[in-house]
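The block underneath contains the structure these notes are about, expressed in structure tokens.
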Amino acid sequence: MQIPKQVEWILLQLEEHGYEAYAVGGCVRDMLLGREPEDWDITTSARPEEVRQVFARTIDTGLQHGTVTVVLDRTGYEITTYRIDGEYEDGRHPKEVAFTRDLKEDLKRRDFTINAMALSRSGELVDPFGGREDLKAGVVRCVGDPSERFSEDALRLLRAVRFAAQLDFTIEERTKLALRAEAPRLSCVSRERVQAELTKTLLSRHPERLCMIREAGMAPYVSESFPDLFAETEAARRLERRLRLAAALPSAKAVRWAAFLLEMGEDAGGRILKEFKLDNETIRCARALIRWLPVRIAGDPRAVRQAMSAMDDGLFDCLLEMKEILDGEDGGHAARLKLLAEEIRGKGDCIRMKDLAVTGTDLIAAGAAPGPALGQTLKELFAHVLEYPEDNVKEILLKAASDRD
Ligand code: ATP
Ligand code: MG
């Protein structure tokens, strides 16, 4: 794999102005692994003001942390000055950062050896901490003393788990011991940052690695309600098994979070999702999945229409997939439900209130009184149509409504 042209060009501009510049961090790691990097970060000896003078147009992304963004072909490239992170305040933010002209100092502040490598335009790898060897061995190892590094920023505990899950790596022994020792510090990390790492772990190819937070004694500090999830050995074993199976499910937030929280039930699970500030759409979908997963859907069109009416089409398909993969629901039944759903969609049966053949206006025009009773009538007509889809005809429903009065 090669450094993209745009990155090469940025490195060249900085070099031509007399500065050092390297691709650094996650992108170098991913390149060495033969994976497509998500974004390209650049590190340079140039100070932010100097970076701004090199490029015609820049965006001040985080000047106090030394980051300036250059946009090329609608992609942003973050250029950060070599820096030494000062003392950490509350285990979250470095109180101050100091710029340096020494690349090695910058690499030293990074979390893991595999994330502490830099690559020059000419292909020279700067790897003072043995990152490449750890990549080969499949090991997540802190740069420097693990306890010290975790106490500077406790988010790194969850990042270690996340990289182990994404890369299918093990965590080096000393780093693992420090996870246990420093676990209590996790309670000071913001919910959003914790969530981002948990979500990345769940979306990875090894979501079951999330169980490391129990094994390393981190669970109570990640969330007060987490110990419930893993409390007994048997529950923990089921959870691990379920997450292992979940690797075969779509890598979507609602699906993976629902698989994780399933045994808590909809309300308790929903509370955790809220605590972690997941977006409302994800919460809504995950709750519906948690609610419906334990419900056995009979293999007849009525039951399938009922279930379909409770969620949108995409979510229903996810539900079937989850039932098949997580419950080991017998393949024949799962296939039958899928087929029935396709038939129902093909026929255009009414499975949503909005597709009912009458509206409130129609009922009023036919003489019904406006008011709450009208809503009730519509609900009953919809329930009727879910059972008898052939009755979703305006005349039939108007007659049914007037018979009912
Ligand atoms: P990805 O972008 O795939 O999630 P990444 O390794 O690029 O993974 P980022 O969060 O984008 O992770 O950070 C970029 C780089 O910054 C990391 O590779 C690492 O060198 C450094 N870094 C990020 N967060 C921390 C942290 N909390 N402590 C120390 N270094 C960090
Ligand atoms: Mg990144």
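Run through the range 1-75 and list the GluC sites (Glu not before Pro) located in a DSSP loop whose Cβ has at most 10 other Cβ atoms within 10 Å.
Glu38
Set the Förster radius R0 to 30 Å, insert the Cβ-Cβ distance between Arg238 and Asp145 as r into 1/(1 + (r/R0)^6), and round the FRET efficiency to 0.05. Provide the component values of the computation, followed by the final result.
Values: r = 37 Å, r/R0 = 1.23.
Computed FRET efficiency for Arg238 and Asp145: 0.25.
May I ask you to rank Trp40, Trp9 by accessible area, largest first, using a 1.4 Å probe over the protein chains only? Walk me through the numbers before you get to the answer.
Working: Trp40 25, Trp9 110 Å².
Sorted by accessible area, descending: Trp9, Trp40.
At what distance in nm do the modelled label points of Glu105 and Glu395 sit from each other, each positioned 7 Å from its Cα along Cα→Cβ?
Placing both labels 7 Å along Cα→Cβ, they lie 8.7 nm apart.
Charges on Cβ only, +1 for Lys and Arg, -1 for Asp and Glu, centred on the Cα centroid of the range 1-151; of Gly18, Gly131, Val68, which one is farthest towards the dipole's positive end?
Of the listed residues, the answer is Gly131.
Once R0 is set to 25 Å, what does the formula 1/(1 + (r/R0)^6) return for the Cβ-Cβ distance between Ala137 and Asp39, expressed as a FRET efficiency to the nearest 0.05?
Efficiency, from the Cβ-Cβ distance: 0.45.
Let me cross-check Val97: its accessible surface, 1.4 Å probe, with only protein heavy atoms counted, in Å² to the nearest 10?
Surface open to solvent at Val97 totals about 30 Å².
Which GluC sites (Glu not before Pro) from the range 90-171 combine a DSSP loop assignment with at most 15 other Cβ atoms within 10 Å?
Glu96, Glu124
Based on the Kirkwood radius over alpha-carbon pairs, what value in µm²/s does the Stokes-Einstein equation return for the translational diffusion coefficient of the range 353-404 at 10 °C and 1.306 mPa s?
It comes out at roughly 148 µm²/s.
Based solely on its DSSP helices, what 222 nm [θ] is calculated for the chain when runs of n ≥ 4 H residues each add -39,500 (n - 2.57) and the sum is averaged over all residues, nearest 500 deg cm²/dmol?
Details: 22 runs with 214 residues, N = 405.
The helix-only estimate for the chain comes to -15500 deg cm²/dmol at 222 nm.
In straight Cα distance, which lysines are under 20 Å from Lys338, not counting same-chain residues fewer than 8 positions off?
Output for Lys338: Lys323, Lys347.
Could you compute how fast the chain diffuses translationally, taking Rh as the Kirkwood radius over C-alpha pairs and applying Stokes-Einstein at 20 °C with viscosity 1.002 mPa s? Give it in µm² per second. All intermediate terms of the calculation are to be shown ahead of the outcome.
Numbers: Rh = 24.8 Å.
Using the Kirkwood radius from Cα pairs, D works out to 86 µm²/s.
If amide hydrogens are placed 1.01 Å from N in the peptide plane, which non-local residues have theirs closer than 5 Å to the one on Phe112?
Val143
If you place +1 on the Cβ of every Lys and Arg, -1 on the Cβ of every Asp and Glu, and leave all else neutral, what size is the dipole of the range 353-404 about its Cα centre, to the nearest 20 Debye?
In debye, rounded to 20, the range 353-404 gives about 200.
Of Met212, Met308, which has the most accessible area with a 1.4 Å probe, and how do the rest follow in descending order?
Highest to lowest solvent-accessible surface, that is Met212, Met308.
Within 10 Å of each candidate Cβ there may be at most 14 other Cβ atoms; applying that plus a DSSP loop requirement, which trypsin sites (Lys or Arg not before Pro) in the range 104-212 survive?
Of the trypsin sites (Lys or Arg not before Pro), the ones in loops of the range 104-212 whose Cβ has at most 14 other Cβ atoms within 10 Å are Arg205.
Contact order normalised by length for the chain, with contacts defined as Cα pairs under 8 Å and 6 or more residues apart; what percent is it? Intermediate values should be presented prior to the final figure.
On the way: 589 pairs, mean separation 33.2, N = 405.
Computed value for the chain: 8 percent relative contact order.
What accessible area, in Å² to the nearest ten, does a 1.4 Å probe give for Tyr388?
Number for this one is 80 Å².
Any aspartates and glutamates with Cα under 18 Å of the Lys176 Cα? List them, leaving off those in the same chain fewer than 8 positions away.
Counting by Cα, and skipping residues close in sequence, Lys176 has these aspartates and glutamates nearby: Asp111, Asp134, Asp145, Glu148, Glu152, Asp153, Asp168, Glu197, Glu208, Glu215.
Give me the dipole magnitude in Debye, nearest 20, for the range 1-130 about the Cα centre, with unit charges on the beta carbon: positive for Lys and Arg, negative for Asp and Glu.
Roughly 100 debye, rounded to the nearest 20.
Could you give the length gained by full extension between Asp313 and Arg191, i.e. 0.36 nm per residue of separation minus their alpha carbon distance, to one decimal place?
Answer, rounded to one decimal: 40.8 nm.
Sort Leu378, Leu203 from largest to smallest accessible area, using a 1.4 Å probe on the heavy atoms of the protein chains.
Numbers: Leu378 30, Leu203 55 Å².
The ranking, largest first, comes out as Leu203, Leu378.
In debye, nearest 20, what is the charge dipole magnitude of the range 266-381 about its Cα centre with +1 on Lys and Arg Cβ and -1 on Asp and Glu Cβ, if you could check?
My answer is approximately 280 debye.
Placing +1 on the Cβ of each Lys and Arg and -1 on the Cβ of each Asp and Glu in the range 243-389, which of Ala288, Pro389, Met308 has its Cα farthest towards the positive end of the resulting dipole?
Value: Ala288.
The values are calculated or read from the model by the stated rules, or taken from the named source; none is laboratory data. Keep in mind that this is a model prediction, so the values were computed, not measured. A quick note on method: Cβ atoms are made from the backbone with ideal geometry, for glycine too, and the neighbour counts reach across all protein chains shown. These accessible areas exclude ligands, DNA and RNA; they are computed on the full protein's heavy atoms, side chains included. Shrake-Rupley method; radii C 1.70, N 1.55, O 1.52, S 1.80 Å.
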